[in-house]
Amino acid sequence: MKENINQILKLFIVCVVAAAVLALVYAITKEPIEKSKQSETLEAIQIVVSGIMDQMIIKDTLIVMENDTNNIQVYMILNQDSSIFAYSIKAFTELGYGGKIAIMVGVDKEFNITGLYPLEFHETPGLGMKMTKDEFKNQFLGKSLDNYNFKVQKDGGDIVAITAATITSRAVGDALNRGLNALVFNFKKEVIDTGAVDTSKMEEVK
């Protein structure tokens with residue numbers, strides 16, 4: 001009986017020490033990881049939105065999508081007077097051949113696409129991976145919900161699909177469509193009414 005109690009105590013001590021070590025490692029690595037993620041986000045935004053200057057402010061807000069685990073992250077690029085310079089959307093879809101696809105999308109203040117930067121994807125090497133190529137991405141530049149149907153041509157839309165990777169092409173169209181709709185629905189009326197957006201509930205990206 002005493003031997004069993006000693007074994008339980010030893011196991012308890014090992015668990016406590018392991019938990020303490022994990023907590024320490026998390027505390028040490030948390031800040032560097034968050035800084036790295038912020039750096040990656042800023043780099044992606046600068047790729048999809050050209051002309052960003054040091055004095056501009058980037059603020060982000062989360063658009064909660066009903067019945068959807070993939071909420072839309074919107075980054076607002078503001079001039080010094082808080083007027084809108086552009087937007088960037090972190091859009092998602094679960095329709096990729098390999099599952100989830102995340103794309104950073106640049107959008108000007110007239111809600112036209114200015115750039116795409118795939119952030120997360122697990123598509124087929126050599127086929128679906130072509131979603132990262134300019135040959136595919138550039139067809140979306142200058143496009144908006146008003147002048148483009150974000151479905152592949154096979155489905156009656158405007159997207160020229162990647163050869164042998166229609167599923168990936170559909171998924172990109174789905175992510176863009178969802179992201180743009182969320183942005184327009186939540187921001188377009190406010191911009192028209194006021195010429196600026198209330199940023200009091202948004203967080204600045206540093």
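Counted by neighbouring Cβ atoms within 10 Å, the residues Ile84, Ile162, Ile13, Ile103 run from fewest to most as Ile13, Ile84, Ile162, Ile103. Dividing the Cα radius of gyration of region 47-204 by its Kirkwood radius returns 0.98 for Rg/Rh.
With neighbour counts taken as other beta-carbon atoms within 10 Å, the residues Phe92, Phe121, Phe85, Phe185 rank, fewest first, as Phe185, Phe85, Phe121, Phe92. Beyond a 25 Å Cα-Cα separation, which of these cross-linked pairs lie in this structure: Lys100/Lys133; Lys133/Lys188; Lys130/Lys188? Where the Cα-Cα span goes over 25 Å, the pairs concerned are Lys133/Lys188; Lys130/Lys188. Distant-in-sequence amide contacts of Tyr97, defined by a placed amide H-H separation under 5 Å and a gap of 5 or more residues or a different chain, comprise Thr168.
Just so you know, all these numbers are worked out from the coordinates, no wet-lab data involved. It should be emphasised that the depicted structure is a prediction, and the values quoted were computed from it without experimental measurement. Virtual Cβ from ideal backbone geometry, glycine too; neighbours counted across all protein chains shown.
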